[in-house]
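K.L.:
Quick one: the structure is below, questions incoming.
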Amino acid sequence: QVYCKRLAARLKQRSRWAGQIDDVFIENIFHASPLHDIGKVAIPDHILLKPGKLTPEEFEVVKTHARLGADTLETVRRKYPGNALLDMGITIARFHHEKWNGSGYPQGLAGVAIPLTAQIMAVADVYETLRAKRCYKPAFSHEESVEIVMASSGTHFDPEIVKAFVELKDEFRKIREGMKE
């Protein structure tokens, strides 16, 4: 949540996004970003909590969380139409696993076809996932995580968003160190 807010604020300073990012966008991404994995509530625990590598079939099940999360939030939006925060949450949930080079899911979007909110969430999500200990992997150091994000510039992530991330890497470290496991 804080990672997304900081990235959005940094990107606001860049002319490429001058027309898209304002203070309302920054506040909405702060509140909408925790919804990115809401669809995982529909994924069976024996898959989500599996300590080893997922089979291709299990990974296909995990991939459905993006669509399921967006669909769930769309149901809520029907009760509360015109809610910009919900709109952003739907976009983030659906597209945060798309990759800059088009190899992501669920739609294989590439480049600027991926909504900016989802691109910001992708960088924040990958960094946090790398830093966190999971049942299937140990936690990576801040330095290793930064290197992985940087190496994914132009493939997984928009190079401009990675540049902003690198400018904020010390802040990201402090934010992560302030979290409780």
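K.L.:
Mind putting together the pair-distance distribution for the chain? All Cα pairs, 5 Å bins, whole percent per bin, short to long.
P.N.:
With a bin width of 5 Å, the distribution comes to 1, 8, 16, 20, 22, 18, 10, 4, 1, 0.
K.L.:
Scan region 90-144 for chymotrypsin sites (Phe, Trp or Tyr not before Pro) in coil per DSSP, keeping those whose Cβ has at most 15 other Cβ atoms within 10 Å, and list them by number.
P.N.:
Counting only loop positions with at most 15 other Cβ atoms within 10 Å, the chymotrypsin sites (Phe, Trp or Tyr not before Pro) in region 90-144 are 136.
K.L.:
For residue 50 and residue 12, what is the calculated FRET efficiency with R₀ set at 30 Å and r taken between the beta-carbons, to the nearest 0.05?
P.N.:
After rounding, the FRET efficiency stands at 0.15.
K.L.:
If you don't mind, there's one more thing I want to ask. With a probe of 1.4 Å, find how much accessible area region 1-156 has per residue, and write the answer as a whole number in Å².
P.N.:
Computed with neighbouring chains in place, this is 51 Å² per residue.
K.L.:
Within region 111-154, list the trypsin sites (Lys or Arg not before Pro) lying in a DSSP loop whose Cβ has at most 15 other Cβ atoms in a 10 Å radius.
P.N.:
When the trypsin sites (Lys or Arg not before Pro) of region 111-154 are filtered for loop state and at most 15 Cβ neighbours within 10 Å, 133 remain.
K.L.:
Going down the table (5/53; 50/163; 99/169), which pairs top 25 Å between alpha carbons?
P.N.:
5/53; 50/163
K.L.:
Taking loop as defined by DSSP and a crowding limit of 15 other beta carbons within 10 Å, which trypsin sites (Lys or Arg not before Pro) in region 29-97 fit?
P.N.:
Qualifying residues, ordered by number: 53.
K.L.:
Tally Lys and Arg at +1 and Asp and Glu at -1 over the other residues with C-beta under 12 Å from the C-beta of residue 107: what net charge comes out?
P.N.:
+3
K.L.:
Can I ask one more? Considering only protein heavy atoms and a 1.4 Å probe, what is the carbon-and-sulfur percentage of the accessible area of the chain?
P.N.:
Within the chain, the accessible surface is 56 percent carbon and sulfur.
K.L.:
What residue among 129, 64, 55 shows peak mean-square fluctuation when the chain is described by a Gaussian network model with Cα springs under 10 Å?
P.N.:
The residue that fluctuates most here is 55.
K.L.:
Here is a follow-up. Provide the net charge surrounding residue 48, with neighbours chosen by a C-beta distance below 11 Å and charges set as Lys +1, Arg +1, Asp -1, Glu -1.
P.N.:
Net charge in that neighbourhood comes out at 0.
K.L.:
Please compute the length gained on full extension between residue 163 and residue 58, using 0.36 nm multiplied by the number of residues separating them and subtracting their Cα-Cα distance.
P.N.:
Value of the extension gain: 34.4 nm.
K.L.:
Another question, if that's okay. Once you list every other residue whose beta carbon is under 13 Å from the beta carbon of residue 72, what net charge do they have if Lys and Arg are +1 and Asp and Glu are -1?
P.N.:
+3
K.L.:
So, one more: If I build a Gaussian network model for the chain, linking alpha-carbon pairs within less than 10 angstrom, which residue out of 71, 45, 23 has the largest mean-square fluctuation?
P.N.:
45
K.L.:
To continue, here is another question. Return the single residue from 22, 37, 158 with maximal mean-square fluctuation; model: Gaussian network over the chain, springs between Cα atoms under 10 Å.
P.N.:
Comparing 22, 37, 158 in a Gaussian network model of the chain, the most mobile one is 22.
The values are calculated or read from the model by the stated rules, or taken from the named source; none is laboratory data. Small disclaimer: the values here were computed from a predicted structure and weren't measured. Cβ: placed from backbone, ideal geometry, glycine included. Neighbour counts: every protein chain shown. Please note that ligands, DNA and RNA were not included when accessible areas were found on the heavy atoms of the full protein model with its side chains. Shrake-Rupley method; radii C 1.70, N 1.55, O 1.52, S 1.80 Å.
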